[in-house]
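The values are calculated or read from the model by the stated rules, or taken from the named source; none is laboratory data. Computed from a predicted structure; not experimentally measured. Here the Cβ is made from the backbone with ideal geometry for all residues, glycine too, and neighbour counts use every protein chain on show.
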Amino acid sequence: MNLVEKIKKNQENKERKKGYKKSFAQNYSIEPYYSKDYTSKSDIDLITISFNAPKLILEQIKIFKKFLKGNYRFIVCDNSTLEDCSQMIKTHCIQNDITYIRVLDRSIPNGYSNSHAIALNWVWKNVVQKRKNNFAFLDHDIFPVKEIDICSYVNQKPVFGRYKKLDCGVWYMWAGFAFFNYEYVKNLPLNFHRYKAFGLFKVKYADTGSANWNCLYKKLNINDLNPCSDELYGLGDDDILRKYTNEKITVNYFANESWLHILDGGDRYKTNAQKVERVLKYLDRL
């Protein structure tokens with residue numbers, strides 16, 4: 001990227017942040033919607049934090065119904081900055097009898113990881129600790145691609161998910177795909193922000209949820225976890241994909257290639273909507 005391109009991108013990022021600040025300053029009046037059996041227990045609650053992505057939520061609803069087996073409850077917690085997106089997400093939830101909740105405790109985003117962590121912490125306090133069920137956090141761009149007994153992930157292990165092991169010996173689980181046994185974590189002070197002390201380990205970047213390393217992950221041996229291997233695929237040369245776009249798209253398959261994560265981050269585009277459209281085109285070919 002040359003100097004002119006860098007200047008242009010920095011200006012675009014500044015304008016985007018101004019838009020976020022303006023959106024977050026608005027007063028939202030969107031009421032929650034609770035499915036008919038929201039108060040009943042499920043074997044596991046699948047909780048998605050949505051951010052301006054009603055089309056992806058609709059795809060998740062469809063694909064979850066297709067592939068996920070077991071007694072689970074799907075709960076959508078909306079952290080959108082755009083009111084029209086929130087209204088559409090709520091409509092999708094009502095039409096499919098899925099609980100919709102607005103995340104109310106929000107602040108101006110300071111990068112994706114921080115704004116996502118704010119939402120996760122609110123959900124931990126206001127949804128998980130009231131439901132008192134086993135639960136999972138799944139980003140809105142994660143989809144099962146095989147038939148899965150969704151309750152099996154926490155039947156024998158306290159925690160399941162994608163973990164990252166760092167050269168310094170520290171490891172932590174990524175909060176975008178994390179399954180928890182409620183009885184194991186209910187008395188722990190979970191915190192889904194970045195772990196500030198990672199600087200002591202000379203780690204430049206740690207993703208959302210790494211703050212849990214100290215209170216939770218120290219108690220677990222990484223060998224005690226079910227393996228959740230990752231496979232990274234760059235699909236820019238795929239003939240079918242080229243039918244839709246000339247750009248490359250990168251995806252993650254993990255958990256024995258049972259789950260798909262679209263890694264084509266929204267920060268590469270002027271708007272998150274551009275990422276959403278590419279994700280949908282990729283899902284069409286599954």
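Kindly state which strands (runs of 3 or more DSSP E) lie completely within region 89-188 and contain at least 2 residues that are out of contact with any Ser or Thr (no Cβ under 9 Å at 6 or more places or on another chain) and either buried (at least 21 other Cβ atoms within 10 Å of the Cβ) or not β-branched (Val, Ile, Thr) (or both). Before you say what the answer is, go through the steps one by one.
Details: elements: 99-102, 135-139, 142-144, 159-165, 171-180.
Because the criterion is at least 2 residues that are out of contact with any Ser or Thr (no Cβ under 9 Å at 6 or more places or on another chain) and either buried (at least 21 other Cβ atoms within 10 Å of the Cβ) or not β-branched (Val, Ile, Thr) (or both), the strands (runs of 3 or more DSSP E) in region 89-188 that meet it are 135-139, 159-165, 171-180.
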Test Lys202 against the criterion of being over 15 Å from the mean Cα position of the chain (by Cα) and in contact (Cβ under 8 Å) with a residue 24 or more places away in the chain, and give yes or no.
-> yes
Arg194 is checked against (1) modelled with pLDDT of 85 or more; (2) among the charged types (D, E, K, R); (3) within 28 Å of Lys146 (Cα to Cα) and fails just one. What number does that condition carry?
-> (3)
Return yes when Asp207 is within 22 Å of Asn79 (Cα to Cα) and in a loop (DSSP other than H, G, I, E, B) and no when it is not.
-> yes
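So which residues in region 160-188 are small (Gly, Ala, Ser) and in contact with a strand residue (DSSP E or B) (Cβ under 9 Å, 6 or more places away or on another chain)? Let's see the steps before the verdict.
Let us first name the residues in region 160-188 that are small (Gly, Ala, Ser), namely 161, 169, 175-176, 178.
Matches in region 160-188: Gly161, Ala175, Gly176, Ala178.
Inside region 32-65, can you point out the residues that are in a loop (DSSP other than H, G, I, E, B) and surrounded by fewer than 16 Cβ atoms within 10 Å (Cβ to Cβ)?
Pro32, Tyr34, Lys36, Asp37, Thr39, Ser40, Lys41
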